[in-house]
Amino acid sequence: MRNRSRWLVGIGIVIFAGMVVASMVAEVYAGEAALAYYRQAKINWRAYEGQKLTIGLNKHPYTESLLPLIPEFEALTGIKVEYLILPEQEYFTKLVADLSTQRGEFTVIMTGPMRNWQYATPGWIVPLDPFLNDPKLTDGAWYKLEDFFPGLIAANRWNGKSGGGVGEGPLYSIPVLSESYIVSYRKDIFDQYKIKVPTSMEEMVEAARQVKKNAGIDGIVARGIPAASTIATGFISGAKSYADGKWHEIDENLNLRFDDPRHVKFVQLWVDMVRESGPANWANMTWYNAMETFAAGQAGMIADADFLAATYEDPSKSKVAGKVGYALIPPGPGGATYSGLWTWALGMSKATKNKEAAWYFIQWATSPRTLLDATIEYRNYNPSRVSVMSNAQVQKIMGGWANYLDVVQRNLKTARVGWVPNPERVRLGDIWARALQEVYFKRLSTEEAMKRANAEMESVFKEIGLKK
Amino acid sequence: MNPQRSHASSVFPVVARGLRASVFALGIFLVVVWTVFPFAWILLTSLKQPLDVIAAPPKIVFSPTIDNYLGIFIGKQRGQYASTRPDFPRFFLNSIMISCGAVLLSFLAGVPASYALARFQFRFKEHLAFLFMSFRFAPFIAFLIPLYILFQRVGLYNTYSGLILAYQLISLPFTVWMLRSFFMEVPIEVEEAAKIDGCSWWGVLTKVILPLSVPGMAVTLILGFMFCWNAFNYPLMLAGRQTFPVTVGAIQFISYEEVLWGQMAAASLVAVVPQLILSLFVQKYIVRGLTMGAVR
Amino acid sequence: MQAAAGRARGRRWEERVLPYMLLLPGLLLLAGMLYPFFLGLYYSFTNYYLQYPHLFKFIGLQNYLKLLPEPKFIYSLKFTLGYAIVAVALQVVVGLGVALLLHRRFVGRGVLRAMFLMPLMMPPVITALMWKVMMASTKAGILNHCLSFFGLPPVNWLGDVNPSLVSILIIDTWGNLPFVSLILLGGLQSLPYEPYEAALVDGASGWGIFRYVTLPLLKPFIILAATFRMMDALRIFDVIYATTVGGPADATMNLHMRAFFFAFQWYHMGMGMAYAMLLLGLVFLASFILMAYWRRAAEQVTL
């Protein structure tokens, strides 16, 4: 008996070891054609041969797309690349530990507009303009910075002044995708029960109600956990649109304006909508709960990231493929929508010892061909380069998602970063989301909750010396 | 009634044997259902395709697939990008190395310490015992960034030895106190007998205390190993990709646009296997009577 | 004469020096942790913001003075303590019951014991995520689905204020009950025969044996298990963070969560460390009390 178990253990070890070895075998040899494309750039790719880079990435289709291409980069430049990938939450925890101690473990990092406000304030990241403008380091004609959607490049610029300044000042990161916010709805249900696609917030509340009454499923599903991510997508887009883009949570004098009547009304509508027609456990729904509920066919609408359409339209992942329609976030009385905007982007840590090598990586990773590959092969949406967006194959894929392409292209015309720049954006969002929950559970009236949010954030601003 | 049976059957105060048996059976049944239900769910999830995972109402009957297991080992996924060099086997290996090393180190340092605390009288004994325990007081938050800074400075970041040292925070106080309690259970007469026979402290330790504490050591070993294996926050901060254990690895199935529940479930179940093997192997030492009666 | 003196000296060394030598390796290993601890303590007396290092200043007890009167802190304190007491009490009582069950000889005991340990073999993070999926209130939630089979109404496990507290308890207990049971099982297996023989000679009943022999002998192990559970229940974090993130409406915000948010979400190290130190003080106090009980129980046992 003991011999048999020893045998089994032995076999198990052999199988396991075999798998370990198999998984460690080196990847695809970089093809010559690919290298030829990069060698067209009139820079010396091998100038920093022998150096080492550690890049920190969050788990995302874009970063997935980079991994098999890294041997290509190493063959091209002779720079050794080590990487680390973690989901978003854990990634930022580790990243900030590194940035704040300036240890230089992470050289190239994934960041974005709101994160840049946090990292640029203490000077943890470096502007990329000097690298872009140096002809020895960047072949402008080959790299084509102008190929990026201007709004996305602007989103990654900030002049360092809280309360505004997005679009001016140094460029801190190069965008690799764009994410805006739209309403995805069940076209089949809306058609069946003759529900109107909402063109205002009030209509959205009504539509949710109608779906719940007629189809027996939740009319709307939305994020609800008490964290900034709940605010960041559909909610902030709706809030800004409701006020025709004229209301912001912080005004030019850095006063908090949660208690503005326009916002109070919007919060009232939103919370009533999710309470009445949303899932019972709205208060602990993360983005994937909401997304999966919609994809499982259990919700009539979701106001969240646009690229989730790739999942909704995939029959292997979603029960509602082909049944989804897309619409803009309901506009305010003025008729225009102001969706929020997010771009994942590659930036560089100040503690990087070999900044030029790091720039080479960023340049390579955001070059037209790499980004095209990322979108076509690895479903990196939405493309941040015009050339990739207009690529025939990409247009065909995205065109296959009902009216998605049309809606997103319209959306991108007015989409802009939803938050007001300040280094305490995360805390502000957390306070905001908590206030929503207080209203949802009827512990506070909307006005009271918003006033308290104002007061709490004011004291934070005073604490950090942003306000006197 | 021999003392062993009465020892065991002092459990239930009920009189009738039939009633006792059925209460016992009910208890076992509840324990099994309570324990197994979530695992059954995880197992089912690991065999499901993405569409079935999110299905509402939940699917108990579906067409299973082993793609999730293939995915974590060799990167093959249906209709999905194939990640390069899935890291899971390496994470698995890391977990084994780090957990074994940490528990070994804890025992090496913990056995003498527990022996001292159990059998000797000396000044500051209780203070030192409490000091050992106190290292487990701090919430990981308090340690994380300072440890991170310290490890980076002395070059222990992203190394096996660094993690094994950091894990002592988790396992050493536990080991010391557990072994202390079990060592104290050893009848003093046996020790006296050994001392009269001329044993030094080392002889007493190796010939009397350790053999008679096998059940306790087995329990401490299993639990210590599991604590180390399932640590998450420390290795997240103090390890890099080369030394991440499976706990950090399993969380990587949360991507930006979807959560690969099937693969996460598969990875979690595979990670259970070494602990299960260890438990099955060690639990037969948690048996009384192996060592009792040594006095006679 | 020489030999006796030598032996006396040897014995003195054994009694005086040896214990400390035996403790030395363990203490050395843990000594390295003192630096991070004191650094954390120091930070709690400063207003260290990761993002604004220029504001760094030693401010003494100001962090503590600021947080103590806050109603949010008071709630967190009450919740942390209340949860720990309820959780530990429940887990010890039920854990003892299960240990007694698994102590009897029956077919398949070995396999059942190993199987019963399985919840401990999952990292708390994954356990919490899996339970979160099972506890969903949408139609995809398996728990509510099962309830509907019995004709019971669905429960809003994690989405409502009061049920979320119970749900956290369920997840925590599921993951940690085997811990208590295993320690008690090991204890049961280590108990000596003599008291039982004596009790039988005296003609004691089953329940009497349990109450007057088994229980007192097990006390050190019960208290030990309770101490470890108490330390962990006071600091419970992963389960809450992965399921409710401190909600709904701050209902599950315990001190550890608060410390985490300040330190790792809002990068306010000073305040985060203050919360962490307060929590540490709480754990210290609880363990101190429990350890005093342990000493008393251990003395009674060795008598």
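The numbers here are math on the coordinates, done by the rules we state, and not lab data. Bear in mind the structure is a predicted one, so any value in this text is a computation, not a measurement. Cβ: placed from backbone, ideal geometry, glycine included. Neighbour counts: every protein chain shown.
Just checking the listed ones, C:F262, C:F149, C:F237: in the Gaussian network model of chain C with Cα springs under 10 Å, the one fluctuating most is C:F149. Quick one: go through the stretch A:411-452 and flag any residue whose amide nitrogen is under 11 Å from the point 7 Å out along the Cα-to-Cβ line of A:E458. Within reach of a label on A:E458, which here means backbone N under 11 Å from a point 7 Å along Cα→Cβ, the stretch A:411-452 contributes A:451-452. In terms of the mean number of neighbouring beta-carbon atoms within 10 Å, the peptides A:422-433, A:290-301 order highest first as A:290-301, A:422-433. Placing +1 on the Cβ of each Lys and Arg and -1 on the Cβ of each Asp and Glu in the stretch B:88-283, which of B:P139, B:A250, B:F88 has its Cα farthest towards the positive end of the resulting dipole? So the residue we want is B:P139. Take each residue of peptide C:237-250, count the partner chain Cβ atoms within 10 Å of its Cβ, and average: the result is 6. Comparing the stretch C:1-160 with the 2.2 N^0.38 Å rule of thumb, its C-alpha radius of gyration ratio is 1.80 (two decimals). Relative to the compact-globule estimate of 2.2 N^0.38 Å, the Cα radius of gyration of the protein assembly as shown comes out at 0.99.
Could you compute the FRET efficiency for A:L35 and A:S316, with r as their C-beta to C-beta distance and R0 at 30 Å, rounded to 0.05? Computed FRET efficiency for A:L35 and A:S316 comes out at 0.30. Overall, chain A carries a charge dipole of about 580 debye about its Cα centre when +1 sits on the Cβ of Lys and Arg and -1 on the Cβ of Asp and Glu, all other atoms neutral.
Return P(r) of the stretch C:67-183 (all Cα-Cα pairs; 5 Å bins starting at 0; whole %; ordered from short to long distances). Cα pair-distance distribution for the stretch C:67-183, in percent: 2, 10, 15, 16, 17, 17, 12, 6, 2, 1, 1, 0.
How high is the relative contact order of chain A? Use alpha-carbon pairs under 8 Å, at least six apart in sequence, and give a whole percent.
So the answer I get is 23 percent.
Here the Gaussian network model covers chain C, with springs between Cα atoms less than 10 Å apart; of C:G187, C:G108, C:G246, C:G108 fluctuates the most. Between the residues A:A305, A:N411, C:Y52, the greatest Cα displacement towards the positive end of the dipole of the protein assembly as shown, with unit charges on the Cβ of Lys, Arg, Asp and Glu, is found for C:Y52. Going by the alpha-carbon gyration tensor, a ≥ b ≥ c the square roots of its eigenvalues, is chain B rounded (a/c under 1.5) or, if a/c is not under 1.5, prolate (a/b greater than b/c) versus oblate? Oblate, since a/c reaches 1.5 and b/c is not below a/b. Measuring r between the beta carbons of C:V107 and C:R295 and using R0 = 41 Å, the FRET efficiency lands at 0.55. Counting only residues at least eight positions apart within a chain, or on another chain, the lysines with an alpha carbon under 28 Å from that of B:K284 are B:K207, C:K219. For chain B, what are the DSSP H helices with axial Cα length of 24 Å or more and mean Kyte-Doolittle hydropathy of at least 0.5? Length and hydropathy pass: B:17-46, B:88-119, B:160-185, B:261-283.
Based on the alpha-carbon gyration tensor of the stretch A:326-468 and its eigenvalue square roots a ≥ b ≥ c, which shape applies: rounded if a/c is under 1.5, prolate if not and a/b is larger than b/c, or oblate? Oblate, since a/c reaches 1.5 and b/c is not below a/b. The peptide list A:257-265, B:46-54, put in order of mean Cβ contacts within 10 Å with the highest first, becomes B:46-54, A:257-265.
The charge dipole of chain B, taken about its Cα centre with unit charges on the Cβ of Lys, Arg, Asp and Glu (plus for the first two, minus for the last two), comes to roughly 320 debye. Screening chain A for DSSP H helices whose Cα atoms reach 30 Å or more along their own axis and whose mean Kyte hydropathy is at least -0.5 gives A:2-24. All alpha carbon pair distances within chain A were sorted into 20 Å bins beginning at 0; the resulting P(r) in whole percents reads 23, 52, 23, 2, 0. At full extension, A:W7 and A:A336 could sit 111.3 nm farther apart than now, given 0.36 nm per residue minus the alpha carbon distance. Segment A:Q268..A:D134, full-extension length gain: 43.0 nm, with 0.36 nm per residue of separation and the alpha-carbon distance subtracted. Of all DSSP-defined beta bridges confined to the protein assembly as shown, some 70% are antiparallel rather than parallel.
Could you tell me the calculated FRET efficiency between A:K468 and A:K350, based on Cβ-Cβ distance and R0 = 22 angstrom, to the nearest 0.05?
It comes out at approximately 0.15.
Please state the shape class of the stretch A:270-340: rounded when a/c is under 1.5, otherwise prolate if a/b exceeds b/c and oblate if not, all from the C-alpha gyration tensor. Oblate.
When +1 charges are put on Lys and Arg Cβ atoms and -1 charges on Asp and Glu Cβ atoms, the dipole computed for the protein assembly as shown relative to its Cα centre reaches about 2240 debye.
The alpha-carbon of A:K161 sits under 27 angstrom from the alpha-carbons of these lysines, leaving out residues fewer than 8 places away in its chain: A:K94, A:K240, A:K246, A:K350, A:K355, A:K413, A:K451, A:K462, A:K467, A:K468, C:K57. Computed over the Cα atoms of the stretch C:36-302, the ratio of the radius of gyration to the Kirkwood radius (Rg/Rh) comes to 1.06. Calculated mean residue ellipticity at 222 nm for the protein assembly as shown: -18500 deg cm²/dmol, from DSSP H runs with n ≥ 4 weighted as -39500 (n - 2.57), summed, divided by the residue count and rounded to 500. When the Cα positions of C:Q91, C:F260, A:F106 are compared along the charge dipole of the protein assembly as shown, C:Q91 comes out farthest toward the positive end, with charges on each C-beta of Lys, Arg, Asp and Glu.
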